[in-house]
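Single-structure report; data block below.
The values are calculated or read from the model by the stated rules, or taken from the named source; none is laboratory data. Since we're looking at a predicted model, the values are computed, not measured. Here the Cβ positions follow ideal geometry from the backbone for every residue, glycine too, while neighbour counts run over all protein chains shown. Note: areas computed on protein heavy atoms with side chains; ligands, DNA, RNA excluded. Shrake-Rupley method; radii C 1.70, N 1.55, O 1.52, S 1.80 Å.
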Amino acid sequence: MQSSAVNSSNNKETTRSITFAEAVREALSQEMREDQDVFILGEDIGVYGGAFGVTRGMIEEFGPERVRNTPISEAAITGAAIGSALTGMKPVVELQFSDFITIAMDQLANQAAKLRYMYGGKGNVPMVLRTPSGSGTGAAAQHSQSLEAWVAHVPGLKVVQPSTASDAKGLLKAAIADPNPVIFYEHKLLYKTQEHVPEEAYTIPLGEADVKREGTDVTIVATAVMVHKALEAAEKLAEEGIDVEVIDPRTLVPLDEQTIVDSVKKTGKVIVVHEAVKRGGYGGEIASMIAESEAFDYLDAPIRRLGALPIPVPYNPALEKAMVPQVDDIMQAARDSVHRR
């Protein structure tokens, strides 16, 4: 399914080219201008502008009451956001690296995710937790992980993984409007990527996948930065006569199962690609969903998964690159599926 909420992105008169980071900042700023209950909090997000500069300049417009620098305690930051959300505010947390979610995990898994259910629907937790994830910057083992499967496993949490600037803007605005806690992953390598993004306000519904490239021979379901590697692989494979369809789920929870199933029914082959460690990764959930669906009878080849090796992320650039799937790996998996080797 094509993105229905960004139809205006095809109108060149209403778009301009900005980076992924600028698109996130624009979504935050628009929401804060429209709703006084929206505020952001995190380490060094004020004058410094955040670890990756996403909130740069926002304290000048909105002031320190709504752009709140916090102590270095991810558990305290997340707990404060949960408490304020219960009182009717709409906090947006920034954690400097997604690895630090482990420190906030009790607040997320045992508090934010469960409170609406435990209060019988009488209390909502409309908070968003934004955080940079992924490898490729030489930030080593404690600042480069992809742990999205951990939070996707917890009932009550929604999980978003945009791959483009325009998607990031629309999805973040939808996440802020959602009455549930949303974990919003921003891959570090995407912050400087740039594309046309509508300046006006728009949202992209959570749970709506996007067909980034249509094809007929094999489906590649890819997330975050792997979407771009899958698209590069698809263009090269086209020269070999292999027509690849690339599906970007955009949200892991809720997952747009039907778009994936429809694509697999069309192509008969599927590869799931993510940067997280393959063992226990979210790709296993997608593969199982396909195997349990009506698409199973259409499969002409085994479902293949590509993910990172089960090791801590290396500091050495060559080893770091070797750990995660690359374009050549995706191309070979596609050839193997199409030719059933």
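The residue that is farthest from residue 338 (Cα to Cα), among those in the range 273-302 that are under 24 Å from the mean Cα position of the chain (by Cα) and open to solvent by 50 Å² or more (accessible area, probe 1.4 Å), is 280.
Residues are listed down the side, and each one gets a yes or a no for (1) surrounded by 24 or more Cβ atoms within 10 Å (Cβ to Cβ); (2) without any contact (Cβ under 8 Å) to a residue 40 or more places away in the chain:
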site	(1), (2)
181	yes, no
197	yes, no
200	no, no
207	no, no
216	no, no
221	yes, no
250	yes, no
257	no, yes
271	yes, no
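Checked against (1) open to solvent by 50 Å² or more (accessible area, probe 1.4 Å); (2) part of a strand (DSSP E or B); (3) of a type outside the set (Ser, Thr, Tyr), residue 312 passes all but condition (2). Name every residue in the range 119-140 that is among the β-branched types (Val, Ile, Thr) and either free of Cβ contacts under 8 Å to residues at least 24 places away in the same chain or farther than 16 Å from residue 51 by Cβ (or both), in order of residue number. Residues satisfying the conditions are 125, 128. Within the range 313-333, residues that are touching a residue at least 24 places away in the same chain (Cβ under 8 Å) and more than 25 Å from residue 217 (Cβ to Cβ) sit with their Cβ atoms under 7 Å from residues that are surrounded by fewer than 20 Cβ atoms within 10 Å (Cβ to Cβ) and β-branched (Val, Ile, Thr), at 6+ positions apart or across chains, in these pairs: 323/311.
Among the residues of the range 102-128, those that are part of a helix (DSSP H, G or I) and either surrounded by fewer than 22 Cβ atoms within 10 Å (Cβ to Cβ) or at positive phi (or both) comprise 102, 105, 106, 109, 110, 111, 115, 116, 117, 118.
Which one is nearest to the chain's Cα centre (by Cα), of the residues in the range 235-248 that are surrounded by 19 or more Cβ atoms within 10 Å (Cβ to Cβ) and without any contact (Cβ under 8 Å) to a residue 40 or more places away in the chain? Filtering first and then ranking leaves 247. Within the range 80-93, is there a residue that is hydrophobic (A, V, I, L, M, F, W, C), under 20 Å from residue 23 (Cα atoms) and open to solvent by 30 Å² or more (accessible area, probe 1.4 Å)? Scanning the range 80-93 turns up no residue that is hydrophobic (A, V, I, L, M, F, W, C), under 20 Å from residue 23 (Cα atoms) and open to solvent by 30 Å² or more (accessible area, probe 1.4 Å).
A Cβ distance below 6 Å, combined with a sequence gap of six or more or placement on separate chains, defines the contacts here; from the range 81-100, residues that are among the hydroxyl-bearing types (Ser, Thr, Tyr) reach residues that are at pLDDT 95 or above in the pairs 84/91; 98/131; 98/133. Contact annotation: residue pairs with Cβ atoms under 6 Å, 6 or more positions apart or on different chains, pairing a residue in the range 44-61 that is without any contact (Cβ under 8 Å) to a residue 24 or more places away in the chain with a partner that is not in a loop (DSSP other than H, G, I, E, B), are 46/59; 46/67; 46/69; 59/67.
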